[in-house]
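Heads up, the thing below is written out as structure tokens.
Bear in mind these aren't lab numbers, they're just calculated from the coordinates by the rules spelled out. Note that the structure is predicted; figures quoted are calculated from it, not measured. All Cβ positions, glycine included, derive from the backbone under ideal geometry; neighbour counts span all protein chains shown.
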Ligand code: SF4
């Protein structure tokens with residue numbers, strides 16, 4: 001079985017009052033993490049659960065929200081899987097929602113089928129729920145997940161006792177706790193907590209099992225973690241700019257990555273640009289950082305269509321390209337006769353940035369110099385951020401094998417990439433510049449997209 005990969009967001013809350021509106025708002029503020037499916041489950045003595053195809057704001061009518069009663073509940077937004085999923089078990093009813101990807105799901109499913117389990121659709125969430133149910137209690141089940149699963153997951157399990165929340169022992173996917181006088185919550189990103197006017201308490205630690213109840217948080221167990229491996233792509237692209245993840249503001253990270261790009265230009269003789277501009281939305285923080293370090297004027301050159309969905313979270317390439325076209329239109333007045341430093345987070349296939357460069361030149365831009373915050377993407381992600389394969393990665397088409405280990409190799413790729421996308425120049429942050437700009441120890445990050453090393457498999 002090909003493992004299902006997905007990008008998604010989870011939320012859970014225990015309150016002294018009915019919580020459905022809070023869950024609704026919580027997952028609405030995580031919508032950028034996945035827009036194909038959404039769902040909620042609440043507990044009021046029994047679990048009520050509803051999932052939908054589509055976005056939170058469009059798919060939950062008022063009467064349906066009134067079915068979801070209770071003072072505790074969980075929610076989910078997703079690119080690929082309908083969640084939460086509810087199970088009857090000897091522990092009572094449980095509802096499970098997770099974010100991540102199980103690399104060895106096929107193997108685990110075959111083993112469980114041999115032990116008599118049936119699978120509805122062989123979704124990753126079924127594997128997780130069945131491992132927990134087989135263990136007989138939630139904490140032991142989560143311990144079993146850490147031993148059996150190869151992959152990444154952040155997880156919430158709704159039960160009659162409260163919400164169990166955990167991150168895998170590497171902490172790939174973010175998960176953060178928040179509270180106010182009457183509510184205790186857990187979320188993929190802090191923005192959902194802040195927008196519910198709650199205080200952020202702290203990140204869930206890798207391997208930590210937390211019970212969330214309406215009287216507080218309780219760490220039930222801390223599983224051993226050999227090292228951290230936070231997904232570095234969260235700060236460069238995935239997370240919202242108003243979130244803080246593992247102690248680092250996303251906006252600060254993007255500003256630093258943009259400053260690093262400007263620093264490289266300064267060290268290599270400077271760039272004669274009239275303006276620096278972002279590819280919205282994720283390029284904004286990078287462009288502001290570039291502006292701050294270089295002194296080049298910041299100027300928007302694209303108008304963002306707020307009614308279009310995020311192209312990266314569309315599930316097919318065709319849908320992504322159509323959405324990318326709908327998403328941005330050129331502000332011609334800002335562009336004519338200008339030399340533009342254009343900042344974006346990453347180049348995957350190269351088709352979207354090619355269209356952007358072409359649109360700017362058609363609108364009269366004199367030069368377009370592309371500046372990319374992430375190093376060249378050389379390896380597909382195994383951990384649930386996208387469905388990229390080697391064939392989809394533009395940089396891999398140039399460097400068919402091996403890694404980019406020197407500045408001359410990076411520069412060779414940059415010249416090739418500029419030709420491919422019709423830009424006057426392209427520059428990336430190298431892996432070392434990228435890590436330095438984030439300011440997080442290299443050993444605490446997953447950099448597998450760039451260096452090909454799956455955390456935990458490093459040679460000792
Ligand atoms: S492989 Fe890349 S996208 Fe996937 S978890 Fe690691 S850094 Fe993030």
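Observations on the model:
- Region 345-367-region 270-302 distance, computed between alpha-carbon centres (Å): 15 Å
- Pairwise centroid distance, computed over Cα atoms, of region 151-166 with region 193-221, Å: 11 Å
- Beta bridges per DSSP, both residues in region 249-451: antiparallel share near 15 percent.
- Of 266, 102, 150, the sequence from fewest to most neighbouring Cβ atoms within 10 angstrom is 266, 150, 102.
- What the Cα atoms of the chain give is an Rg and a Dmax of 22.4, 70 Å.
- Spin-label model, residue 147/residue 221: points 7 Å from Cα along the beta carbon direction are separated by 0.9 nm.
- The helix-based estimate of mean residue ellipticity at 222 nm for the chain, built from -39,500 (n - 2.57) per DSSP H run of four or more residues and divided by its residue count, is -9000 deg cm²/dmol to the nearest 500.
- Separation of region 82-137 from region 29-45 is 19 Å, based on Cα centroids.
- The angle between the Cα long axis of helix 124-135 and the longest principal axis of the Cα atoms of the chain comes to about 30 degrees, rounded to the nearest 10.
- Spin-label proximity, residue 181 to region 207-223 - amide N less than 12 Å from point 7 Å beyond Cα toward beta carbon: none
- From least to most packed, judged by other beta carbons within 10 angstrom and beginning with the fewest, 453, 133, 245, 10 follow the order 453, 133, 245, 10.
- Share, in percent, of DSSP beta bridges within the chain that are antiparallel, nearest 5: 80 percent
- Relative contact order (%) - the chain, alpha-carbon pairs under 8 angstrom, separation at least six: 13 percent
- Under the simplified labelling scheme, the residue 21-residue 397 pair shows an inter-label distance of 5.1 nm, with each label point 7 Å from Cα along Cα→Cβ.
- With neighbours defined as other Cβ atoms within 10 Å of a residue's Cβ, the residues 416, 235, 87, 450 order from fewest to most as 416, 87, 450, 235.
- In nm, spacing of pseudo-spin labels at residue 120 and residue 436 (7 Å Cα→C-beta vector): 5.1 nm
- Using a Förster distance of 30 Å, the FRET efficiency for residue 389-residue 140 (Cβ separation, nearest 0.05): 0.25
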